[in-house]
1. Can you go through L67, L75, L89, L124 and tell me which one is closer than 20 Å to R257 by Cβ, out of contact with any Cys (no Cβ under 9 Å at 6 or more places or on another chain) and modelled with pLDDT under 95?
2. Applying the selection to the range 150-200, what residues are over 29 Å from the mean Cα position of the chain (by Cα) and among the acidic types (D, E)?
3. Just to be sure, is A114 in a helix (DSSP H, G or I), modelled with pLDDT of 95 or more and of a type in the set (A, V, I, L, M, F, W, C)?
4. Does D4 satisfy being within 25 Å of R315 (Cβ to Cβ) and without any contact (Cβ under 8 Å) to a residue 12 or more places away in the chain?
5. H270 passes all but one of (1) more than 30 Å from K173 (Cα to Cα); (2) buried (at least 18 other Cβ atoms within 10 Å of the Cβ); (3) touching a helix residue (DSSP H, G or I) at 6+ places or on another chain (Cβ under 7 Å); which number fails?
6. Does R42 satisfy the condition of being modelled with pLDDT of 95 or more and either over 20 Å from K121 (Cβ atoms) or in a helix (DSSP H, G or I) (or both)?
7. Filter the range 376-398 down to the residues that are loosely packed, with under 14 Cβ neighbours inside 10 Å and either farther than 30 Å from A327 by Cα or touching a residue at least 24 places away in the same chain (Cβ under 8 Å) (or both) and list them by number.
8. What number of residues within the range 221-261 are more than 22 Å from the chain's Cα centre (by Cα) and among the polar types (S, T, N, Q)?
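The values are calculated or read from the model by the stated rules, or taken from the named source; none is laboratory data. This structure is a prediction, so every number in the text was calculated from the model and none was measured. No Cβ is skipped: glycine too gets one built from the backbone with ideal geometry, and neighbour counts run over all protein chains shown.
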Amino acid sequence: MAWDFETDPEFQKKLDWIEDFMREEVEPLSHLGVAPYSSVGREKLIKPLQQRVKDQGLWACHLGPELGGQGFGQLKLALMNEKLGRNSLAPTIFGCQAPDTGNAEIIAHYGTQAQKDRWLKPLLEGEIRSAFSMSEPTGGSDPLTFRTTAALDGNEWVINGEKWFSTNARYAKLLVVYAVTDPDAKDPYRRTSIFLVPTETPGVEIVRNVAVGAGGEIGGGNEAYVRYTNVRVPRDALLGDRGAAFVIAQVRLGGGRVHHAMRTVGACKHALDLMCRRAVSRTTREGRLSDLQMVQDQIAESWIAVESFRLLVLRTAWLIDKHKDYAKVRKDIAAIKVAMPKVYHDVATKAAHLHGALGVSNEMPFMHMVTSSLVMGIADGPTEVHKVTLAKQILKDYQPENDLFPSYHIPRLREEAHKRFARELEEIKSHYAGRSRAAANAQVE
């Protein structure tokens, strides 16, 4: 029986290196504003750290060796991402930033050699950025409501429509566009296809950029509202088969949901850590916050929630490694997707509250965490959809009972038990009846 909660000693050394590297090198960079993201800042600040990660054999570990990664299984990735998840800059430095990782994955799986030569290597090396242009302003992420079309005109596809929340499109060289190509297909999930569209293609227009959360200037965010007007791309811009967008997207989103959850574990642990540090440091007239039972209740509840969520994520990662098939772990992936925003929101909110007015200011990370928790309830499918998926996966193992009373009705169970053990009950009854007669005879004598 294998049921081990310990980490391999050699891999633990890697995790210890990541912990120190995050604290000493990565986290300080995140306080420099936009400087690390500029072209000069990237050369001077980001690339040297990326090289150190590569030297440790920790670059793009989600990829197989044939693509320049380590081919780590999901369980190792989960343990790594716990540490990366506490800082938004870390995925870029470790070569696993979204949405590029998911886009690279589907190009690696479904792309032609020409597509791989043009787009895959620059994405894997972090030389270019990409955007997944799927959701629409009219129907969100439901592919059955999409209105963006791609029509074949000779040897070109002509794309028309609008996309919403195409993350990082303003920085992207490549747009991975989800469009309707076969509106009359009998199978509604075979009506859409995916295209690789260079951002500079004529007809591509970023209408505006939308920021997540309150504050900041309108138009200053990283979520693009993109309009495609008679955008022409070659016939070979099609990724994978015509009508296969839904299947390709599920490959991309299945892994994305798991990795979101892995990093959210790290964010939750970070919020809990800051909560505890505040509790033992802040004093009131009655003593430290940590001496107050209501504060102790919040810390205990938060720790239980985070550790329960972490174990669910690790078990899901282990199951993916075991089955090598996201479809077989669909129930578990849905479960962590449902749990993720609630745990994150609850812990971040408690942490903010314990910091008082400081906690809700922009001088602390908690309001960003709360907003991020709400994002996690929407990104890669809303919580409600995943609850439905989870419930359906659970219920498919059960069969209906059509009797008036269910098979677990206690009177029915009692009757069945009496029938099964009738002989033993009769023997027990006779035994005690004999003892009663013996006792009665003894009293008479």
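1. Answer to the check: L75.
2. Correct list: D153, E156, D182, D184, E200.
3. Considered against the rule, which asks whether it is in a helix (DSSP H, G or I), modelled with pLDDT of 95 or more and of a type in the set (A, V, I, L, M, F, W, C), A114 comes out as yes.
4. yes
5. The failed condition is (3).
6. No: the conditions fail for R42.
7. If the condition is that a residue be loosely packed, with under 14 Cβ neighbours inside 10 Å and either farther than 30 Å from A327 by Cα or touching a residue at least 24 places away in the same chain (Cβ under 8 Å) (or both), then I394 is the only one that fits.
8. Adding up the residues that qualify gives 2.
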